[in-house]
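What follows is a short report on a single structure.
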Amino acid sequence: MRFSSLTSKARRPYLIASLLAHAGLLAAVFYVGPYSIQAATIERHVKNAERSDIKRRVDEIDRIKSLLEKSRQPAPAPSDGTGAGAGSAAKAVAPSTVPQLLEQARRMSEEIEQMERGDKVKELARLLNIPEQQARAKLAPSAVPAPLASPAKPASAQQALAELRRHQQLARDALVRREQQLSRERDGTRVRPENGAPGQGGAGVPGALAGLGDGGTGKVGKGGAGKNGLQGEDVPNAAHIEISGYIAQTGMAQAKVPRGGSWDLSTPKNKVERGYGAALSAPGVKAEGLRKIGAHAIGKGAPYADRIFLNRWHIIGPFPGQGPDDSIDVVYPPEIVVDLDAEYAGIGASTLRWEYLTNPEYPSVAPVRAQDAVYYAYTELVMDEERDLVLALGSDDDTKLWFNERLVWLSGDGYKPWYSSPGYVGLGKEIDAWNLTEGTRRVHFRKGRNTLLLKLYNGASLSFFSVVVLADVQQ
């Protein structure tokens, strides 16, 4: 018995140590397990955002390639009813993985380059009066980007995005050049006045175009072939119209987004300038007599209003900033894809989720205020018909705004009225008039659903953002 008692006493410390070890393991599973699951969820949403960005860029290259092909081909012949063609078969096996999407982008870039090269060969052969084979030999090599990853090692999502941005930009440049080429073909060669006065024909002028000239298609040509010129027929090129509309819709021909100020972006023609450091002031507006409502739908039968405050937003943040100079340009997942069910890592290892908030008072304020922080806000505005309207924007500190996925607003770097103490809360008149405004954008709303994604950077102290739709008379 004594030996047994000694044995049990000798085993007791090991038993206690074993129990403590198992308790520690259970505690680790209890505490660390949920965090591991949460980290995996965040990582999954980030990867989903990366894949969505890759897919979106490839889809745009595909769309541009389709427009370029359409502009170079005659109208397609009617279907003979024999079934789906090669295009349908290609769509049936659409690429889905990152390597497949990247390979598709490379192939489309080569096809776009070959289309442009073919145009150059024909033009060079015409100008030099040489065979196309000789003209082709005189052209410079292809400008298609080389792959960033070797075939032996597939590209990561970041490498794929870096290469795709180059393919996407080359495709956009090609589309803009094609639009310019089609414009020249439509407008013809402008005839010098001394080549023939209006109504005097000018059939002997070398290279004169019938029915074209100073007036362009649809007007009697000045100095065109034949007496009094030939009446031009206003028959627009459908592919040209489609290309021009796509360029205007995406804003790809715009050199850069204008900072601050007031701009008309409802049409693609606008001169972009930038000012530096000037003191700003909100436009003068009297609050008395203003009809103000908070709404997210505009149409007949609704109450009339001078100013419509967009006060319902899905908001996510704060993401960690990188200082006042760079934070507004740092890209976080919500900027790539708006997934209202997603979770991301925020400041201090916090987990961020979208929150739907209605601001009962003007202006809009993020629910969690942090310094050197980035937020995103998403909303939609429904129209009963398409129309041009003005967005009045203001923020503390900086904002970007994407309207229908087109970047239309970037805060200027002027000294805003609310930067002085006590901040925007001291501007009672401006708050009463819903007029914390630093600039405007006139944009074209389409019928139905219109999307707005706003990015806000806060450096320190108070922060807010304001998006107000102005009545059309307040342009």
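What do you reckon, is residue 402 in contact with a Phe, Trp or Tyr (Cβ under 9 Å, 6 or more places away or on another chain), within 17 Å of residue 331 (Cα to Cα) and open to solvent by 30 Å² or more (accessible area, probe 1.4 Å)? So residue 402 fits the description; yes. Scan segment 410-426 and give yes if some residue there is touching a Leu at 6+ places or on another chain (Cβ under 6 Å) and within 28 Å of residue 300 (Cα to Cα), otherwise no. Looking for residues that are touching a Leu at 6+ places or on another chain (Cβ under 6 Å) and within 28 Å of residue 300 (Cα to Cα), one finds none in segment 410-426, hence no. The residues of segment 421-430 that are buried (at least 16 other Cβ atoms within 10 Å of the Cβ) and part of a helix (DSSP H, G or I), listed by number, are 424, 430.
When segment 80-120 is filtered for residues that are of a type in the set (A, V, I, L, M) and modelled with pLDDT under 85, the ones remaining, listed by number, are 84, 86, 89, 90, 92, 93, 94, 98.
Quick check, is residue 127 modelled with pLDDT of 55 or more, open to solvent by less than 50 Å² (accessible area, probe 1.4 Å) and out of contact with any His (no Cβ under 7 Å at 6 or more places or on another chain)? Judged against the criteria, residue 127 is not a match.
Total residues in segment 431-475 satisfying the condition of being closer than 24 Å to residue 336 by Cβ, among the polar types (S, T, N, Q) and in a strand (DSSP E or B): the figure is 3.
Does at least one position in segment 410-420 carry a residue that is out of contact with any helix residue (DSSP H, G or I) (no Cβ under 7 Å at 6 or more places or on another chain), part of a strand (DSSP E or B) and under 27 Å from residue 337 (Cβ atoms)? Looking for residues that are out of contact with any helix residue (DSSP H, G or I) (no Cβ under 7 Å at 6 or more places or on another chain), part of a strand (DSSP E or B) and under 27 Å from residue 337 (Cβ atoms), one finds at least one in segment 410-420, hence yes.
The values are calculated or read from the model by the stated rules, or taken from the named source; none is laboratory data. Computed from a predicted structure; not experimentally measured. Note that each Cβ is placed from the backbone with ideal geometry, even for glycine, and that neighbours are counted across all protein chains shown. In case anyone asks, the SASA skips ligands and DNA or RNA and just uses the protein heavy atoms, side chains included. Shrake-Rupley method; radii C 1.70, N 1.55, O 1.52, S 1.80 Å.
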